[in-house]
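The values are calculated or read from the model by the stated rules, or taken from the named source; none is laboratory data. If you're wondering where the values come from, they're calculated on a predicted model, not measured in any experiment. Every residue, glycine among them, receives a Cβ derived from its backbone with ideal geometry; neighbour counts consider all protein chains shown. With ligands, DNA and RNA removed, areas are computed over all heavy atoms of the protein, side chains included. Shrake-Rupley method; radii C 1.70, N 1.55, O 1.52, S 1.80 Å.
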Amino acid sequence: MCLKYCHGSARKAERIWGWGRDNVQLGLEEERTGIICLGTQSMSSGRKKWEQKYPEVANVLKEIAEAHCQQEPSFKTSIAYTRLTASSAMAELKKRGFTQEEILPGSTMAIILNRMGYRLTVLRQNNNNN
């Protein structure tokens, strides 16, 4: 946006959109050099993601999801839809010997699968009253 509408001027972007000039300047430098600047805060704060904490379980979960997935029909996105439910994924992980501590609750399982690039499909029941 800054390059396109403000001719690369961080001050102009600050004035027009109210963005922090230092942040815009950092983004412009990253764009110019191709080097992404990471702050030290991300290294020393926050909790690790479940996938980082339990990489083996995450790999098995991905393998389970792959076995149940299909590509989005229009092929417009790279999202894979899976017929896997969170409860069946939990049951499969338990069968493979993972502890309750390593296995997530159902609602969190869906979030993790979404973060891995899978979307849980809603199972629709056909209610014909004919």
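Structure notes:
- Test: residue in the stretch 37-44 that is of a type outside the set (D, E, K, R), at pLDDT below 90 and farther than 30 Å from CYS2 by Cα: yes
- In the stretch 7-17, the residues that are open to solvent by less than 80 Å² (accessible area, probe 1.4 Å) and under 22 Å from CYS37 (Cα atoms): GLY8, SER9, ALA10, ALA13, GLU14
- When restricted to residues that are open to solvent by less than 80 Å² (accessible area, probe 1.4 Å) and over 18 Å from LYS4 (Cβ atoms), the stretch 27-36 contains 2.
- Candidate set from the stretch 64-117 (those that are at pLDDT below 85 and of a type in the set (Phe, Trp, Tyr)); member that is surrounded by the most Cβ atoms within 10 Å (Cβ to Cβ): TYR81
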